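*Asks:* Take a look at the following structure, please.
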Amino acid sequence: MGRPVAVERGALATTYLVLAAAAALSAVIEAFLVPERTAGVVGLSLLLAVVGNVALGLLGGVGTRTWAGSAIPLVAWAVVLAVLSASGPGGDVILPGALPPDPPVAHVSVALLFAGLIAGAVAVVLTSRYTTRVNAPRQHG
């Protein structure tokens, strides 16, 4: 009888890893799209961040029925973007804080961080009524 619980926990852990990987991939794609212009307008990455973070948060929360399922994509996305905003050994940076030849790119970088965090938080709040916290098994004794 203990086997289904172990299988269920393994499936839940795998789902969490897949959600984190999808959010990390989304963050990398969005970071590289920050300077991209669509029809002369900067901000394609903002749209992807908002839609992607809400979708992954809702999918994770409702799909796993756990609070962590909705929060893990947001945390993974934020960690990856934090790493990408730090400068590398040669001084290279993917998410610039300032770019003199193209000032709007720096604004899009900051807006990407805030819009993505807010969108992910909205997903966590929206799924909170459908989710539960995953607690450790109770010890009888």
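*Asks:* Can you find even one residue in region 112-121 that is surrounded by fewer than 16 Cβ atoms within 10 Å (Cβ to Cβ) and of a type outside the set (A, V, I, L, M, F, W, C)?
*Replies:* no
*Asks:* Please determine, by comparing only the residues of region 82-105 that are assigned to a helix (DSSP H, G or I) and at pLDDT below 85, which one is surrounded by the fewest Cβ atoms within 10 Å (Cβ to Cβ).
*Replies:* PRO103
*Asks:* Ok, one more. Could you grab me the full set of residues in region 7-56 that are under 19 Å from LEU117 (Cβ atoms) and of a type in the set (Ser, Thr, Tyr)?
*Replies:* The answer is SER26, SER45.
*Asks:* Could you grab me the full set of residues in region 70-84 that are of a type in the set (Gly, Ala, Ser) and out of contact with any Ser or Thr (no Cβ under 7 Å at 6 or more places or on another chain)?
*Replies:* Residues satisfying the conditions are ALA71, ALA76, ALA78, ALA82.
*Asks:* Can you tell me which residue in region 122-138 is surrounded by the most Cβ atoms within 10 Å (Cβ to Cβ), limited to those that are among the aliphatic types (A, V, I, L, M) and modelled with pLDDT of 85 or more?
*Replies:* Among residues in region 122-138 that are among the aliphatic types (A, V, I, L, M) and modelled with pLDDT of 85 or more, the one surrounded by the most Cβ atoms within 10 Å (Cβ to Cβ) is ALA123.
*Asks:* Using the structure shown, decide if VAL108 is in a helix (DSSP H, G or I), within 27 Å of LEU12 (Cα to Cα), within 18 Å of the chain's Cα centre (by Cα) and at pLDDT 85 or above.
*Replies:* Working: in a helix (DSSP H, G or I): yes; within 27 Å of LEU12 (Cα to Cα): no; within 18 Å of the chain's Cα centre (by Cα): yes; at pLDDT 85 or above: yes.
Criteria not met by VAL108.
*Asks:* Would you point out the residue of region 11-36, among those that are free of Cβ contacts under 8 Å to residues at least 24 places away in the same chain and assigned to a helix (DSSP H, G or I), that is nearest to the chain's Cα centre (by Cα)?
*Replies:* Going through the qualifying residues, I end up with LEU25.
*Asks:* Tell me which residues, restricted to region 58-81, are polar (S, T, N, Q) and either surrounded by fewer than 18 Cβ atoms within 10 Å (Cβ to Cβ) or in a loop (DSSP other than H, G, I, E, B) (or both). I'd like the intermediate steps shown before the answer.
*Replies:* Keep residues of region 58-81 that are polar (S, T, N, Q), which gives 64, 66, 70.
Within region 58-81, none qualify.
*Asks:* While we're on this one: Specify the residue that is surrounded by the most Cβ atoms within 10 Å (Cβ to Cβ); the eligible residues are those in region 21-51 that are among the β-branched types (Val, Ile, Thr) and farther than 13 Å from GLY120 by Cβ. Working first, answer last.
*Replies:* Within region 21-51, the subset among the β-branched types (Val, Ile, Thr) is 28-29, 34, 38, 41-42, 50-51.
Within this subset, residues satisfying the condition of being farther than 13 Å from GLY120 by Cβ are 28-29, 34, 38, 41-42.
On the way: VAL28: 16, ILE29: 13, VAL34: 25, THR38: 10, VAL41: 9, VAL42: 18.
Per the criteria, the residue is VAL34.
The values are calculated or read from the model by the stated rules, or taken from the named source; none is laboratory data. Keep in mind that this is a model prediction, so the values were computed, not measured. Quick reminder, even Gly has a Cβ in these numbers, built from the backbone with ideal geometry, and neighbours come from all protein chains shown.
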